[in-house]
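Trainee: One structure is given below, represented as structure tokens, and several questions about it will come after.
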Amino acid sequence: MALQYHPDLCHDRLKNEESTRMFVQVNAAYKTLSNPELKAEYDYEIGLGLRRSRWMEQVIELKRRSHTCKEGSWGSRMRAMNNINKDDH
């Protein structure tokens, strides 16, 4: 990819700016992936981002369920069911 986007090899003036930008990104990616410490740091940050996004999706879904249900939130329904089950025993 470095050869593909190298600014000196790009002969199209219209694509030269984009090629330069892509070359810088490819170079940064190579430096990160070739350095074990930087790669570990990058992997850690990506992992945190994925965990956060999954967590946020779950929070949003729980809020949606709580607001669309006329019987109250999921938690209040579970507490009510537990109270009914305790009364039966």
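The values are calculated or read from the model by the stated rules, or taken from the named source; none is laboratory data. Predicted model only: the values in this text are computed from it and were never measured. Every residue, glycine among them, receives a Cβ derived from its backbone with ideal geometry; neighbour counts consider all protein chains shown.
Yes or no, residue by residue, for (1) surrounded by fewer than 10 Cβ atoms within 10 Å (Cβ to Cβ); (2) touching a Phe, Trp or Tyr at 6+ places or on another chain (Cβ under 7 Å); (3) modelled with pLDDT of 85 or more; (4) not in a helix (DSSP H, G or I):
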| residue | (1), (2), (3), (4) |
| --- | --- |
| C10 | no, no, no, yes |
| T32 | no, yes, yes, no |
| R65 | no, yes, no, no |
| E71 | yes, no, no, yes |
| D87 | yes, no, no, no |
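Trainee: Does K39 satisfy the condition of being assigned to a helix (DSSP H, G or I) and touching a Ser or Thr at 6+ places or on another chain (Cβ under 7 Å)?
Mentor: yes
Trainee: Here's another thing I want to ask about it. Any idea which of (1) surrounded by fewer than 10 Cβ atoms within 10 Å (Cβ to Cβ); (2) hydroxyl-bearing (S, T, Y); (3) modelled with pLDDT under 85 is the one Y44 doesn't satisfy?
Mentor: (1)
Trainee: To continue, here is another question. Would you check if there is a residue in segment 14-21 being touching a residue at least 12 places away in the same chain (Cβ under 8 Å) and among the aliphatic types (A, V, I, L, M)?
Mentor: no
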